[in-house]
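Inspection log for the structure reproduced underneath, given as structure tokens.
The values are calculated or read from the model by the stated rules, or taken from the named source; none is laboratory data. None of these values were measured; they are calculated from a predicted model. All Cβ positions, glycine included, derive from the backbone under ideal geometry; neighbour counts span all protein chains shown.
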Amino acid sequence: MAPFPGSGLAKGLAVTLRTMTRKTVTEQYPDAQPELAPRTRGVIGLFEENCTVCMLCARECPDWCIYIDSHKETVPPAAPGGRERSRNVLDRFAIDFSLCMYCGICIEVCPFDALFWSPEFEYAETDIHELTHERDKLREWMWTVPAPPALDPAAEEPKEIAAARKSAEKLAAAARAESAEPPAAGPTLAEPTSAEPPASGPGSAGGPGTSASGPSGSGSEGGDA
């Protein structure tokens, strides 16, 4: 059966009438900024202090849009008699956002939390070469990285924190047990004894040839009568 003439126009007008009374969803950008989720993948920020030049991000990038240059320097020993060691020093860290497909693999594989997502997206350029952001520009994006979301109170406690908490509780319990024990009794001092009489000798009160009243034999007044 052939469609009724004008049925297509009637259907179109019906759709128009239904949507005329609905609230508009068009955002007048750039006069009105869009409300973006905190984890929006806008641009990548670099926290240079955490970067150890391990090259994991550059090796895992499917677009090969991360460029890293570095050199090694010798660090003197921290203590006398120690051994010198070498460390990597970052010279260049750049991301070409004209090639980046915002997959986030570089952020996921970074073991030292040196790369973060920022919701900023207004970095269009007239020259494609300016879309290669060097490390200074990547560091500026770090100031736009939102704070991490709060932890879920119903989530399971991480194993590392649980183990550390249990060990701390054991140490605290041992310290309380030691403080509750009475101190051990120390050795007692001997009681002082009475003083012994002085040894007898010449000139002493009880020495030979003497008496309380003088030399022996002189107790009578007359002597030889």
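Among residues of segment 35-52 that are under 17 Å from E108 (Cβ atoms), those with a beta-carbon under 6 Å from a residue that is assigned to a loop (DSSP other than H, G, I, E, B) and among the β-branched types (V, I, T) at least six positions away or on a different chain give the pairs G45/V145. Where helices (runs of 4 or more DSSP H) fall entirely within segment 1-113, those with at least 2 residues that are within 29 Å of W143 (Cα to Cα) and in contact with a helix residue (DSSP H, G or I) (Cβ under 8 Å, 6 or more places away or on another chain) are at 56-60, 105-109. Residues in segment 114-128 that are in contact with a Gly (Cβ under 8 Å, 6 or more places away or on another chain), farther than 10 Å from C57 by Cβ and not in a loop (DSSP other than H, G, I, E, B): F116, W117, S118. If we scan segment 111-122, do we find a residue that is modelled with pLDDT under 95, more than 27 Å from the chain's Cα centre (by Cα) and surrounded by 16 or more Cβ atoms within 10 Å (Cβ to Cβ)? For segment 111-122, residues modelled with pLDDT under 95, more than 27 Å from the chain's Cα centre (by Cα) and surrounded by 16 or more Cβ atoms within 10 Å (Cβ to Cβ): present. Count of segment 132-164 residues, restricted to those that are of a type outside the set (D, E), surrounded by 10 or more Cβ atoms within 10 Å (Cβ to Cβ) and not in a strand (DSSP E or B), is 13. Close contacts from segment 115-137, counting a first residue that is in contact (Cβ under 8 Å) with a residue 12 or more places away in the chain and a second that is part of a loop (DSSP other than H, G, I, E, B) and acidic (D, E), with Cβ to Cβ under 7 Å and a gap of 6+ residues or different chains, come to L131/E125.
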